[in-house]
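Everything below concerns the one structure shown next.
The values are calculated or read from the model by the stated rules, or taken from the named source; none is laboratory data. Since the structure is predicted, the reported quantities are computational estimates derived from the model, not experimental observations. Here Cβ is always computed from backbone atoms with ideal geometry, including for glycine, and neighbour counts include all displayed protein chains.
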Amino acid sequence: MTRRKDLLDLQSLSAEEITYLLDTAQSFKEIVARPVKKVPTLRGKSVATVFFEPSTRTRTSFEAAAKIMSADTYSLAATTSSAVKGESLKDTMLTLDAMGIDAFVIRHSFSGSAHLAAKYVPGKPVINAGDGTHEHPTQGLLDLLTVREVKGRVDGLTVAIVGDIAHSRVARSNLWGLHKLGARVRLVGPATLLPADADQLPCEVFTDLEAGLRGADVVNVLRIQLERQDAAFFPSIREYARLFGVSAAKLHVAAPDVTVLHPGPMNRGVEIASSLADDRRYAVITDQVTNGVAVRMAVLFWLMGGAAQI
Ligand code: CP
């Protein structure tokens, strides 16, 4: 597979590139399961995680992935960096580049920040770990890997993405990845939380939860992103939970073997019933997290050109 410089989105990736990353991640899962998780693939290389927004899963799993592959890792949190003194994204990137860091994983509240960062370091890989409401490509990949593992395929599945779609970078990456691999995608939520450009996207749109869930093979429940909402998009959290919160009871219209994903972090009792989140008959949320490490290894391997010493 021809190497790219950066991973900024799934919209611009081909089905072949996505499948290559999923296949590579699948093969790397064996390494993640070993008692001694260490291969020399990226020995001598360095990876910086540059996070201007909080994270538990993405940042830790990128650092785990890099360490398993023997890269050195550097962690920059905006709250304790010179960004609080007003340093720009450009100067942050140029500074880390001048230190000899080999690759950058960036999360920022500004949609397009990863594209910008990639321009500031023209010779080095930049990986988008979530930019505003635009994309979160490695989350999309780990969701695809989880769906493919559980269902044995992605092609032909009906996948309902439920919740705060308008503010969700996870929704966009899932939409593009699922569409490219042949799934039918539904966006389900209150009209106020659906994207303005939904009619131009390769999906069906539902404003009624039961209609959106009917016959779905997979339901991906998204978090209500209160931190990105500067207005009231629904009357109250209680009403949102009643109308759009997903529970085992509400899944009776979905396919009998429906699988439930959530990218985390969850608002238990709001967008997803707490009992459903823990119900292993449906929920694969911890499997998603496990797959996140292997997916991020695959992405680092692709962009940083690991030697064939796995
Ligand atoms: N899903 C996700 O991006 O989680 P974090 O914000 O914890 O990284």
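Below, the figures for the structure above:
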read-out	value
Subset tally (residues that are in a strand (DSSP E or B), of a type in the set (V, I, T) and in contact with a Gly (Cβ under 6 Å, 6 or more places away or on another chain)) for the range 159-173	0
Residue in the range 93-109 that is surrounded by 15 or more Cβ atoms within 10 Å (Cβ to Cβ), among the aromatic types (F, W, Y) and more than 15 Å from the ligand (Cβ to nearest atom) present	yes
S70 within 15 Å of the ligand (Cβ to nearest atom) and without any contact (Cβ under 8 Å) to a residue 60 or more places away in the chain	no
Answer from G130, G123, G156, G140 - the residue that is outside any helix (DSSP H, G or I), within 16 Å of the ligand (Cβ to nearest atom) and of a type in the set (G, A, S)	G130
Contacts under 8 angstrom Cβ, first residue in the range 22-50 being closer than 17 Å to K124 by Cα, partner loosely packed, with under 13 Cβ neighbours inside 10 Å and of a type outside the set (A, V, I, L, M), 6 or more apart	S46/G100
Long-range neighbours under 7 Å by Cβ, at least six apart or interchain, first residue of a type in the set (A, V, I, L, M) within the range 51-65, second more than 8 Å from the ligand (Cβ to nearest atom)	A64/V293; A65/V293; A65/R296; A65/M297; A65/L300
Checking V205 against (1) in a strand (DSSP E or B); (2) under 25 Å from E16 (Cα atoms); (3) out of contact with any Phe, Trp or Tyr (no Cβ under 8 Å at 6 or more places or on another chain), the condition it does not meet	(2)
Helices (runs of 4 or more DSSP H) contained entirely in the range 219-310, each with at least 1 residues that are modelled with pLDDT of 95 or more and β-branched (V, I, T)	285-304
Filter pass, T41 being of a type in the set (S, T, Y), in a helix (DSSP H, G or I), under 23 Å from D102 (Cα atoms) and at pLDDT 95 or above	no
Lone qualifier among T49, T80 - being surrounded by 15 or more Cβ atoms within 10 Å (Cβ to Cβ), β-branched (V, I, T) and either more than 16 Å from the ligand (Cβ to nearest atom) or under 17 Å from A298 (Cα atoms) (or both)	T49
